[in-house]
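Trainee: What follows is a structure written as structure tokens; I'll ask about it next.
Here, each number is a calculation from the coordinates, and none is a lab measurement. Bear in mind the structure is a predicted one, so any value in this text is a computation, not a measurement. Virtual Cβ from ideal backbone geometry, glycine too; neighbours counted across all protein chains shown.
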Amino acid sequence: MKEKFRIGSTQYCDVLVIGAGGAGLRCAAEVFQRKPGAHVVAVTKVAHPQKSHTTTAQGGLAAVDPKDPIDKPIYHMFDTWKGSDCMADQNILQKVIDAAWEEIIWLENRGMHLSRDVDGKLGKRTFGGHTVNFGEASAFRAVYEADRTGKGIIDTLWGEALREGIVFMNQGMATELLFSKGRCVGAVIFRQKEGEFVAVLAKATVLSMGGCGQVFRVTTNCRQNTGDYLVLALEAGLPVMDPEAVQFHPTGIVGPGILASETLRSVGGILRNKDLDAFMVRYAPKMKDLAPRDLVSRAIETEIREGRGILNPDHKIEHVWIDLRHLPDHVHDVQIPEVASFFRKFVNINPKKELCPIRPSNHYHMGGIPTDEFGRVEKGPGEFIPGLFAVGECAAASLHGFNRLGTNSLLELITMGKFAGEKAVELLGEKPEEMPADAGERTFAQFSGFLGTAGKASLGEIRQTMQAVMTEKVGVFREAKGLQEAISKLEELRERTAEVTVSGKSLTMNQELIQCWELKNLLAVSMVIAQGALNRKDSRGGHFREDYPERHEEFNEHTLAYMTEFGKVVFGKRPVDMSLFEAKGAHYEKFGMIERKY
Amino acid sequence: MQENYDLTLRIKRYNPEEKRSWMQEYRLPAGRILRFTDVLRKINDEIDPTLAWNSSCEHAQCGTCSVQVNGKPLLACELLVENAVAQFGTTTFTIKPIPIAPLVRDLIVDLEKAYARVESVKPYIITPAENRNKGGEYQIPPQVMDQYVEATRCINCFCCATACISSHKNFLGPNAILASVVRLMDPREQAREERLKLLYSERGVYRCHTSKACSFVCPKEIDVAHFIALAKEGRFKR
């Protein structure tokens, strides 16, 4: 039994990418471009990189075309700043948004099948929160591949990685980051199919591990998004930034929480309540259904709380409608075929003729591992961990502050991924580090613990209870009492996990064992989100406190949360970068702490 | 229309240590609108936590959860209980893994090995064609893109490869051919010779027997057989 828990083999490479989605593979592509023949290993939890969660992203990629007669990058920066509820870092805004168009062309030139207008040039669509002239009118800013833009991105990047000779490790999970003399030298990976632990040592390690939506009962996130990245960071003594910044997407399909893209609203879909009232005009008189997601989510939840929702008999969940009946066939069949098919397939209704049931669903984590504008991981403000990068949803640079606009996430993958690749390449001349003596100790203690417990507790029941409590008390609306109750409940659930028995003792594709590990991560992530939400006594973007419904100056900084022991969170702060405001250039006043009304 | 159904699932199990296969039966009530992935999860939570099965997005976008239900290859996340009962005319379902890759455990196969056929056709631009719009996007008229855009929707779920009546050892397979055809029809790809060589090789289109099972089972409703037919009629030999 004992010899299961050892490092089966050690590999050396130039760059280790953990998470083979859009951000990780864009980073790898940049490394290959600057150093052809580089040895890059990409580990993914899913069966194959094409199955990464990036593939499910629907709506589009925001970028201002320099040839656009009306749109300008500064409008995009303003929209993102305002959308973030004044918590995005302005140096990141500038760097990402200025690089955006070039990166779109990079993808297109490598074969992405972006949709076209009649002249064969890239088509553009509007999206929530994106405007021209500082909020005057909707901007046609997003390029798109029908309603499967994420799939287009991952297919293109996977192809590029293949061509350049990347090494993929599929169905592998990083269980522990390795450090030597203060620098990150790689990770311990558990290979699920083979049932063995390996060490991969690298000159640069890039975390691109996605999101943590599975802490909630209703989420658009895939099964593998269990927030492992947050725990890797926390266990290594690193902070999580803005853990309480969680986005609830307004239109999740009732029941499974499947994402019904914002595209539905950008092509003209209308939200209606029980009385068939188009209620968004009351909450966002100008942008209405295209207001930012946190606003629309709160609007829908308010309609439901005030008795204007509809109760779904199968799932016993209250919801509102999205009305697509008035849209022409061309729109249904060509612009929104995938999304419209979700209502047909998962609810058995026809969106051309019937109203579609939707409700806010957890969707995205704005918070994450704090980094600078190159994705370099910070231990504290300005203090970096050499050799460690984080990009994409798992990181917080922060591009999105406390609320993300649609089409900005995909943009983040292909820009921050590239910037991290630029810097990772600079480390390739380093001498490879030796394996730390205690490599794997923490992993083996955890895994042998899971296999060694005996009790009657049910893993599924603990997970469901955690998800329910997070959805009810750490969801769209939060307040002190509910948050404290959630925190107590999470402590109790953590203790109960010690009584879960894993019946199969093999390491080979033992899903029970993997779920134990994931549950440990989910509980830790839930705890840090709940505590972050309790600590932040104001409301920003996706974080809304009913007991503190306004923005407070005291909280005009990012939250940093450290948790090396379960439940014991130590808080710090990181200032929000205000370089656009401080530069006093044209329109600088738009980048102060502005009002957020739509 | 019932609210709940009493299901009997006969699932093919496989233990890799003992290299042993057997059928295991599970009986449980399931709500009408649950997906089969929800039902498998219910089995794990309430009856048997050791049953191993693969999934990711659970809404038919990633192609991870392919299984055979009563002989038909499909995505487990797309099969709703009430639709399954209506379509198959029974509440008893036999669930087996797809046979196109080595078994790992129970319903999980090594998809990485299955992807080898797709990767052999080089699903990327090998040699970029000249771009007259230097520094910008290639201009592709929508009528040109319309010819092949359906084929780009493939998620490599391997349902077509499972249904295909040709051997998956000696044939590229329908989804790999689709990937190759996409780039042959994409005006941005200049490398045609090597693609055509593989397409018309011993492992290529002549192994297709035009059963059209691929089009019939495709969860994305792509007419895979149409694209293979274009190849067979020599459409790409310029």
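Trainee: Which lysines have a Cα less than 16 Å from the Cα of A:Lys590, not counting those fewer than 8 places away in the same chain?
Mentor: List returned: A:Lys72, A:Lys82.
Trainee: Along the charge dipole of chain A, which of A:Ile310, A:Ile487, A:Val569 sits closest to the positive end, that is, farthest toward it, with unit charges on the beta carbon of Lys, Arg, Asp and Glu (+1, +1, -1, -1)?
Mentor: A:Ile310
Trainee: Calculate one ³J(HN,Hα) per residue across region A:150-166 by plugging θ = phi - 60° into the Karplus curve 6.51 cos²θ - 1.76 cosθ + 1.60, and present them in order as whole Hz with x for glycine and proline.
Mentor: x, 4, x, 5, 5, 4, 5, 5, 4, x, 4, 4, 4, 4, 8, x, 5
Trainee: Between region A:5-21 and region B:1-32, how many Å separate their Cα centres?
Mentor: About 36 Å separates the Cα centre of region A:5-21 from the one of region B:1-32.
Trainee: Still on this structure: Place +1 on the Cβ of every Lys and Arg and -1 on the Cβ of every Asp and Glu in the protein assembly as shown, take the dipole about the Cα centre, and give the residue among B:Phe236, B:Leu74, A:Leu523 whose Cα lies farthest towards its positive end.
Mentor: Going by the charge dipole, the pick is B:Phe236.
Trainee: What is the distance in Å between the Cα centres of region B:161-238 and region A:513-544?
Mentor: 47 Å
Trainee: With unit charges on the beta carbon (Lys/Arg positive, Asp/Glu negative), name the residue among A:Leu580, A:Gly128, A:Val347 whose Cα is farthest towards the positive pole of the charge dipole of chain A.
Mentor: Looking along the dipole axis, the top candidate is A:Val347.
Trainee: Give me, ordered by chain and number, the residues 5 or more places off A:Asp147 or on other chains with an amide H under 5 Å from its own placed amide H.
Mentor: Under 5 Å from the amide H of A:Asp147 lie the amide H atoms of A:Glu338, each far enough along the sequence or on another chain.
Trainee: Charges only on Cβ, +1 for Lys and Arg, -1 for Asp and Glu: so what's the dipole of region A:106-179 about the Cα centre, in debye to the nearest 20?
Mentor: Result for region A:106-179 is approximately 180 debye, rounded to the nearest 20.
Trainee: Go from 0 up to the bin containing the longest alpha carbon distance in region B:111-232, width 10 Å each, and give me the % of pairs per bin.
Mentor: 13, 45, 31, 9, 1
Trainee: Return the sequence-ordered ³J(HN,Hα) values of region A:419-433 in whole Hz as given by the Karplus equation 6.51 cos²θ - 1.76 cosθ + 1.60 applied to θ = phi - 60°, using x for Gly and Pro.
Mentor: Along region A:419-433, the couplings run 4, 5, x, 4, 7, 4, 4, 5, 8, 6, x, 5, 6, x, 7 Hz.
Trainee: Same structure, new question: Nearest 500 deg cm²/dmol is fine: what mean residue ellipticity at 222 nm does chain A get from its DSSP H runs of n ≥ 4 alone, each adding -39,500 (n - 2.57), divided by its residue count?
Mentor: -10000 deg cm²/dmol
Trainee: Moving on. So how strong a dipole does the protein assembly as shown carry about its Cα centre when Lys and Arg Cβ are +1 and Asp and Glu Cβ are -1, to the nearest 20 debye?
Mentor: It works out to roughly 1960 debye.
Trainee: When all alpha-carbon pairs of region A:256-372 are counted, what percent fall beyond 25 Å?
Mentor: Counting pairs separated by more than 25 Å, the tail of P(r) holds 23 percent.
Trainee: Something else now. Can you pull out the GluC sites (Glu not before Pro) in region B:23-114 whose DSSP state is coil and whose Cβ has at most 12 other Cβ atoms within 10 Å?
Mentor: Passing sites in region B:23-114 do not exist.
Trainee: Next up: Skipping prolines and chain starts, which residues have an amide H placed within reach, meaning under 5 Å, of the one on A:Ala395, given they are 5 or more residues away or on another chain?
Mentor: Amide H neighbours of A:Ala395, under 5 Å, 5+ apart: A:Ile369.
Trainee: Another one. Regarding region B:10-164, what whole-number volume in Å³ per residue does the convex hull of its Cα atoms give?
Mentor: 166 Å³
Trainee: Can you give the convex hull volume per residue for the Cα atoms of the protein assembly as shown, as a whole number of Å³?
Mentor: Once divided by residue count, the hull of the protein assembly as shown is 153 Å³.
Trainee: Exposure proxy check: A:Glu479, A:Glu244 ranked by fewest other beta carbons within 10 Å?
Mentor: Least crowded to most crowded, the residues run A:Glu479, A:Glu244.
Trainee: Assign unit charges at the C-beta atoms only (+1 for Lys and Arg, -1 for Asp and Glu), then state the dipole size of chain B relative to its Cα centre in Debye, rounded to the nearest 20.
Mentor: In total the dipole reaches around 940 debye.
Trainee: Right, next: Which of the trypsin sites (Lys or Arg not before Pro) across region A:28-75 are loop residues per DSSP, with 16 or fewer other Cβ within 10 Å?
Mentor: A:Lys67
Trainee: Which of A:Cys27, B:Cys218 has the fewest other C-beta atoms within 10 Å, and how do the rest follow up to the most?
Mentor: Ordered by Cβ neighbours within 10 Å, fewest first: B:Cys218, A:Cys27.
Trainee: Further question: How much net charge surrounds A:Leu107 when only other residues with a Cβ under 13 Å from its Cβ are counted (Lys, Arg +1; Asp, Glu -1)?
Mentor: -3
Trainee: Same structure, new question: Roughly speaking, what is the centre-to-centre gap between region A:241-295 and region A:33-62 when only Cα atoms are used, to the nearest Å?
Mentor: 29 Å
Trainee: Would you mind classifying region A:441-552 by shape? Square roots of the alpha carbon gyration tensor eigenvalues, ordered a ≥ b ≥ c; an a/c under 1.5 is rounded, otherwise it is prolate if a/b is larger than b/c and oblate if not.
Mentor: Prolate, because a/c is 1.5 or more and a/b exceeds b/c.
Trainee: Continuing with the same structure: What is the local net charge at A:Gly460, summed over the other residues whose Cβ is closer than 10 Å to its Cβ (Lys, Arg +1; Asp, Glu -1)?
Mentor: Summing Lys and Arg as +1 and Asp and Glu as -1 gives 0.
Trainee: Then there's this: So which chymotrypsin sites (Phe, Trp or Tyr not before Pro) in region A:363-396 pass both tests, a DSSP loop state and at most 14 other Cβ atoms within 10 Å of the Cβ?
Mentor: Answer in residue order: no site qualifies.
Trainee: Sorting B:Arg188, A:Arg359 on the 10 Å Cβ count, fewest up front, what's the list?
Mentor: B:Arg188, A:Arg359
Trainee: A 25 angstrom limit on the alpha carbon distance is what I want to check against. Which of A:Lys353/B:Lys96; B:Lys113/B:Lys197; A:Lys45/B:Lys72 exceed it?
Mentor: A:Lys353/B:Lys96; A:Lys45/B:Lys72
Trainee: Tell me, in nm to one decimal, what length is gained between A:Leu311 and A:Lys431 on full extension, where the rule is 0.36 nm per residue of separation less the Cα-Cα distance?
Mentor: Length gained between A:Leu311 and A:Lys431: 37.0 nm.
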